[in-house]
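Notes follow the structure.
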Amino acid sequence: MTISAKFHELFGAAPEVIAAAPGRVNLIGEHVDFSDGFVLPFAIADRTTAAISKRSDRIIRVASIQRRCEIFTSTLDEFAPMKKGKWERYLLGVLWAMEITQGVDLLIDGHVPVGAGLSSSAALECSIAVAINDLFDCGHSIEQLARIAQRAENAYVGMPCGIMDQSVSLMAREGSALLLDCRDLSTRHIPFDVASHGLELLIIDTQVHHALVDGGYAERRGDCEKVSAIMGVKALRDLTMSELQSRKSEITPTQFLRARHGVSEMERVRAGVDALERNDFDTFGELINQTHTSLRDDYTVSCPELDLSVETAQSLGALGARMIGGGFGGSAIAIVKADHSKTISEAIAQGFANKNYKKPRFFTSLPSTGARVIRQG
Ligand code: GLA
């Protein structure tokens, strides 16, 4: 049944607007968006769809096809940031951040794997933000929508994420990765054409589910901010590696490692973009290998399942492999020769079985387009 038909069945009329937004993988530039850094994610083909209609009162009714269409009812007067709860707060958070003054009926159909480090939450937020923007004719730019969706997650959900996931979900273009300057949200679209080079981007979902609201993410972000404050700069973006090294004694050993990840990662993004612009996937692969090491050893957000995936891919000839996203679980990526992809996935699956880990899942995706209104009623 289509989302439109399901919406009709649940709420008694067809939706006025339907919009969809994708999840993402991040090629390089991890844990630097909140440090005003550059990141290079792309939108995956999997997306979340939101169908929505205005109501004439202040009631909000929301449901999800993946949650048996059980209707959750609230009102505009009950908005309460940071209220504990489930997935509804991601959704209510966007309605709150968009400052709507009229009730809505909202149905979600989510196809971005949840907890897999592929930004299902940003896909959810951005599908709703785009739908509301259209429904109420708010006239927000995509940069404003990205900031609104981030505010929903920061202030309403309580997850202090950066701006990367929401931006790429809104701004991505088919065939390209998005080079995003997280300071001013300016972008460049960098073609990422692995297929014509006989390569494939393998995505390995370890099935270890992370809960980024749980503190490890915020603690590290806090360390990066403390280092910037101590060094007298606005963000790690404004610090060079030699400045960081020379003032090492002013910060704790842990803060030094966190900041070393941030500063070195920003250098790798620059080098990575140069490599991609020359279609030099060998150099690019080497850079993402270095990113993994830095995330594992300096930033300490990897986990045994991610390390096993990455090491197996690297030992079987992947050009590069690394964990992606917030970490502590979720997915890894590997740039592999297309005809090696199956051998590498099988070896990773076997390695997981040997260690009694959960069975991993494998996907691939080409860079896809950002959020769109797909139908107006
Ligand atoms: C999560 C956050 C992003 C970003 C990544 C790490 O996905 O939502 O803002 O910080 O982690 O790069």
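The values are calculated or read from the model by the stated rules, or taken from the named source; none is laboratory data. Everything numeric here is computed off the predicted structure, so don't read it as measured data. Here the Cβ positions follow ideal geometry from the backbone for every residue, glycine too, while neighbour counts run over all protein chains shown. Just so you know, the surface numbers come from the protein's heavy atoms only, side chains and all, with ligands and any DNA or RNA stripped out. Shrake-Rupley method; radii C 1.70, N 1.55, O 1.52, S 1.80 Å.
Among the strands (runs of 3 or more DSSP E) contained in the stretch 34-76, which hold 1 or more residues that are among the hydrophobic types (A, V, I, L, M, F, W, C), at pLDDT 95 or above and within 26 Å of the chain's Cα centre (by Cα)?
38-54, 59-64
Quick one: is PRO160 within 11 Å of the ligand (Cβ to nearest atom), touching a residue at least 40 places away in the same chain (Cβ under 8 Å), surrounded by fewer than 24 Cβ atoms within 10 Å (Cβ to Cβ) and assigned by TED's automatic domain parsing to the domain that holds ASN26? When the stated conditions are applied, PRO160 passes them.
Kindly indicate whether ASP184 is more than 16 Å from the ligand (Cβ to nearest atom) and touching a residue at least 60 places away in the same chain (Cβ under 8 Å). The answer is no for ASP184.
For the stretch 24-49: of the residues being touching a Lys or Arg at 6+ places or on another chain (Cβ under 7 Å) and away from the ligand (no atom under 13 Å from the Cβ), which is farthest from VAL269 (Cα to Cα)? Checked the stretch 24-49; the qualifying residue farthest from VAL269 (Cα to Cα) is ILE44.
Screening GLN66 against (1) crowded, with 24+ Cβ neighbours inside 10 Å; (2) out of contact with any helix residue (DSSP H, G or I) (no Cβ under 6 Å at 6 or more places or on another chain) leaves a single unmet condition, (1). Checking TYR217 against (1) assigned to a helix (DSSP H, G or I); (2) at pLDDT 95 or above; (3) surrounded by 20 or more Cβ atoms within 10 Å (Cβ to Cβ), which single condition isn't satisfied? Of (1) assigned to a helix (DSSP H, G or I); (2) at pLDDT 95 or above; (3) surrounded by 20 or more Cβ atoms within 10 Å (Cβ to Cβ), only one is false for TYR217: (2). Taken together, the criteria place ARG237 among residues that are of a type outside the set (A, V, I, L, M, F, W, C), surrounded by fewer than 20 Cβ atoms within 10 Å (Cβ to Cβ), assigned to a helix (DSSP H, G or I) and touching a Ser or Thr at 6+ places or on another chain (Cβ under 9 Å). The set of residues from the stretch 77-123 being part of a helix (DSSP H, G or I) and open to solvent by 20 Å² or more (accessible area, probe 1.4 Å) comprises ASP77, GLU78, GLU88, ARG89, TYR90, TRP96, SER120, SER121. Put simply, of ALA5, ALA14, ALA50 the only residue that is crowded, with 24+ Cβ neighbours inside 10 Å and either among the charged types (D, E, K, R) or more than 30 Å from ILE288 (Cα to Cα) (or both) is ALA50. Restricting to the stretch 194-209, and then to whatever is surrounded by fewer than 17 Cβ atoms within 10 Å (Cβ to Cβ) and either in contact (Cβ under 8 Å) with a residue 40 or more places away in the chain or of a type in the set (Phe, Trp, Tyr) (or both), can you tell me which residue is nearest to the ligand (Cβ to nearest atom)? Filtering first and then ranking leaves HIS209.
Would the stretch 312-325 turn up any residue that is aliphatic (A, V, I, L, M) and modelled with pLDDT under 95?
Residues of the stretch 312-325 that are aliphatic (A, V, I, L, M), as a first pass: 313, 316, 318-319, 321, 323-324.
Next, from what is left, pick out any that are modelled with pLDDT under 95: none.
No, there is no match, as no residue in the stretch 312-325 is aliphatic (A, V, I, L, M) and modelled with pLDDT under 95.
Residue under question is SER167, and the condition is that it be within 15 Å of the ligand (Cβ to nearest atom), assigned by TED's automatic domain parsing to the domain that holds VAL25 and among the polar types (S, T, N, Q); does it hold? For SER167, the condition - within 15 Å of the ligand (Cβ to nearest atom), assigned by TED's automatic domain parsing to the domain that holds VAL25 and among the polar types (S, T, N, Q) - is met.
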